[in-house]
Amino acid sequence: MIFVNKNEVLEADFVALLERAKEGLLKKAPKKLPSPTKFEEDVYSEMRKAARKTEFEGYVELTGTHAFPDIIAKRYFGVEVKMTQSDKWQSSGNSVLESTRIEEVERIFLFFGKFGGKFDIKYRLYQECLFDISVTHSPRYKIDMDLPVGTSIFDKMGTDYGRLRKSDNPIKKVKNYYRGQLGEGEELWWIDEQSEIEASAIIKPYRNLNDEEKGTFFIDTIILFPEMFSNSTVKFERPAAYLITTFNAVSSNLRDVYTAGGQVKIKVKNDKILVPKIIYHLYINAEKIRNRIKEINDETLKYYWRVDTIQEDKLGQWGDLLSEKAVKFDDKYSVFDVFNAGLHEKKNK
């Protein structure tokens with residue numbers, strides 16, 4: 001990363017410095033593909049040459065392996081160096097969190113080397129090139145050096161780069177934006193760094209979860225995804241995503257976890273009725289559901305229920321969602337009636 005140390009310097013002068021560095025690098029196009037570290041060092045060397053007899057001379061610094069940006073000048077301007085082997089102007093970028101950012105730097109430019117096809121270089125303000133966010137181990141920006149003005153990820157989110165990066169919880173803002181883009185059955189899969197969940201590097205089949213994990217997953221999904229009781233064709237897709245993000249597990253027949261076994265006869269008030277197996281699970285697990293819903297924090301419930309506020313009566317709010325989503329299975333009783341009958345049955349035993 002590159003940094004310049006004077007706040008009063010004119011941006012036009014720094015851009016001129018970048019142009020001279022670009023011209024210097026293009027004159028000696030590499031015969032073989034350099035490593036990212038070597039290209040960063042080459043950019044730094046050319047920037048120092050370009051800074052001679054300017055107010056930047058002696059103020060261009062290489063910041064270190066993990067710092068952001070790579071080069072700084074007068075501790076006001078910065079340069080993040082990127083390269084690609086392909087013949088296109090796109091690449092993955094840096095973490096949204098910018099936890100290693102040098103805070104004094106206000107204006108960061110992206111200096112991008114394209115080594116596929118004809119070697120070329122472009123530079124541009126960092127935030128103008130960020131068109132999307134992808135996830136590896138944490139959310140990262142995606143770069144497009146040819147991105148039209150006004151189409152950055154910040155334009156899409158209705159914010160700006162500076163406001164987002166200085167916010168208390170940028171990941172939450174990003175997740176809220178992408179949450180608004182979700183279609184039916186879709187879910188975000190990454191967990192932010194403030195989550196209590198620690199994800200394993202290994203993906204395992206659902207059958208390999210222990211009994212406690214299976215029980216927690218089962219009860220939590222009944223609470224978090226009331227659409228499972230609807231007739232939607234994608235009603236098990238969000239639970240499947242939750243299985244991956246929370247338990248690092250997958251299942252090719254998740255529906256059977258809830259529905260296998262046909263219909264079961266239960267007692268609701270004074271009637272014996274036949275209910276699908278998934279509704280039977282509400283009945284026999286009613287007390288566990290009631291106890292667990294008190295433990296789940298409000299932010300988690302708001303996120304998965306896709307509501308703005310959580311009422312003091314969480315159980316009642318969940319019941320309303322359940323009644324709203326659930327397909328009608330009986331002329332006399334609702335799905336929530338079955339749940340309450342399960343609580344009553346447990347109490348009387």
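Listed values, structure above:
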read-out: Residue match in the range 252-261 (condition: buried (at least 18 other Cβ atoms within 10 Å of the Cβ), among the hydroxyl-bearing types (Ser, Thr, Tyr) and either modelled with pLDDT of 90 or more or under 21 Å from residue 97 (Cα atoms) (or both)); value: yes
read-out: Test: residue 181 is at negative phi, free of Cβ contacts under 8 Å to residues at least 40 places away in the same chain and surrounded by fewer than 13 Cβ atoms within 10 Å (Cβ to Cβ); value: yes
read-out: Some residue of the range 277-288 being part of a strand (DSSP E or B) and of a type outside the set (D, E, K, R); value: no
read-out: The range 10-22 residues that are in the same structural domain as residue 54 (by TED's automatic domain parsing), paired with ones that are hydrophobic (A, V, I, L, M, F, W, C) and part of a helix (DSSP H, G or I) (beta carbon under 6 Å, 6 or more apart); value: 17/50; 20/50; 21/47; 21/50
read-out: Pairs, first closer than 27 Å to residue 12 by Cα in the range 26-55, second outside any helix (DSSP H, G or I) and among the hydroxyl-bearing types (Ser, Thr, Tyr), C-beta under 8 Å, six or more apart; value: 51/59
read-out: The range 12-41, subset within 17 Å of residue 72 (Cβ to Cβ) and charged (D, E, K, R), residue surrounded by the most Cβ atoms within 10 Å (Cβ to Cβ); value: 40
read-out: Residue among 273, 289 that is within 19 Å of residue 327 (Cα to Cα) and buried (at least 17 other Cβ atoms within 10 Å of the Cβ); value: 273
read-out: Test result for residue 78, in contact (Cβ under 8 Å) with a residue 24 or more places away in the chain and on the phi < 0 side of the Ramachandran plot; value: yes
read-out: Residue check for residue 309: surrounded by fewer than 16 Cβ atoms within 10 Å (Cβ to Cβ), hydroxyl-bearing (Ser, Thr, Tyr), under 30 Å from the mean Cα position of the chain (by Cα) and closer than 19 Å to residue 179 by Cα; value: yes
read-out: Odd one out for residue 74 among (1) within 18 Å of residue 117 (Cα to Cα); (2) buried (at least 18 other Cβ atoms within 10 Å of the Cβ); value: (1)
read-out: Residue 328 being without any contact (Cβ under 8 Å) to a residue 60 or more places away in the chain, within 13 Å of residue 229 (Cβ to Cβ) and in the same structural domain as residue 228 (by TED's automatic domain parsing); value: yes
read-out: The listed residue being assigned to a helix (DSSP H, G or I), of a type in the set (D, E, K, R) and modelled with pLDDT of 90 or more, out of 324, 345; value: 324
read-out: Some residue of the range 192-215 being of a type in the set (Ser, Thr, Tyr), in a helix (DSSP H, G or I), more than 21 Å from residue 297 (Cβ to Cβ) and at pLDDT 85 or above; value: yes
read-out: Residues of the range 262-289 satisfying the condition of being touching a Lys or Arg at 6+ places or on another chain (Cβ under 7 Å) and under 20 Å from residue 314 (Cβ atoms); value: 286, 287
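The values are calculated or read from the model by the stated rules, or taken from the named source; none is laboratory data. The shown structure was predicted, so the numbers you read here are calculated from the model rather than taken from an experiment. Counting neighbours? That spans all protein chains shown, and the Cβs are built from the backbone with ideal geometry, glycine included.
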